[in-house]
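Participant: Below: one structure in structure tokens.
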Amino acid sequence: MPGDTGRATGRITSLDRDDGRVTIDHGPFEGIAMGAMTMSFALMGDVELTDLSEGDDVIFQVKRGRDGSHRIMEICSIPANGRDCPDQETIYPDNPPDQ
Ligand SMILES: [Cu+2]
């Protein structure tokens, strides 16, 4: 049964720093029932967009709120943070980094 939080990878197609929203062309989620699509996400309060740029590949986690929308809890830019991002096996399925 799908839960409230899910994780996926994707690519940022646009960033709205003023409104705190990110549009991501994302793959299927792990943890929630959502397939691949391009959509806009709001952010949870303490998420920062500082390290993110349009075109970045990202790995991110969302949580569903009471209004049914999914907000980003955590987002990591692979070009900016590379192998410091969580869930390395998802990002590098064929070439996991050394632990
Ligand atoms: Cu979606």
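Any read-out appearing in this document is the output of simple, stated calculations on the displayed coordinates, not a laboratory observation. What you see is a predicted model, and the numbers here were worked out from it, not measured in a lab. Ideal geometry is used to build each Cβ from the backbone, glycine not excepted, and the neighbour counts take in all protein chains shown.
Participant: Where a ≥ b ≥ c are the square roots of the eigenvalues of the C-alpha gyration tensor, would you call segment 5-81 rounded, which needs a/c under 1.5, or, failing that, prolate if a/b is larger than b/c, or oblate? Can you show the working numbers first?
Facilitator: Working: a/c = 1.60, a/b = 1.20, b/c = 1.33.
Oblate, because a/c is 1.5 or more while a/b does not exceed b/c.
Participant: Step through the residues of segment 45-57 one at a time and calculate ³J(HN,Hα) from phi using the Karplus curve (6.51 cos²θ - 1.76 cosθ + 1.60, θ = phi - 60°), rounding each to whole Hz and writing x for Gly and Pro.
Facilitator: x, 9, 7, 10, 9, 3, 8, 9, 9, 4, x, 5, 7
Participant: Suppose each label sits 7 Å from its Cα in the direction of the beta carbon; what would the ASP18-MET44 distance come out to in nanometres?
Facilitator: Those two pseudo-labels are separated by 2.8 nm.
Participant: Mind ranking 53-60, 39-46 by how tightly packed they are, going by the mean number of other C-beta atoms within 10 angstrom, highest first?
Facilitator: Top of the packing list down: 53-60, 39-46.
Participant: Scan around LEU43 for amide H atoms under 5 Å from its own, H built in the peptide plane at 1.01 Å from N, and keep only partners 5 or more places away or cross-chain.
Facilitator: ILE72
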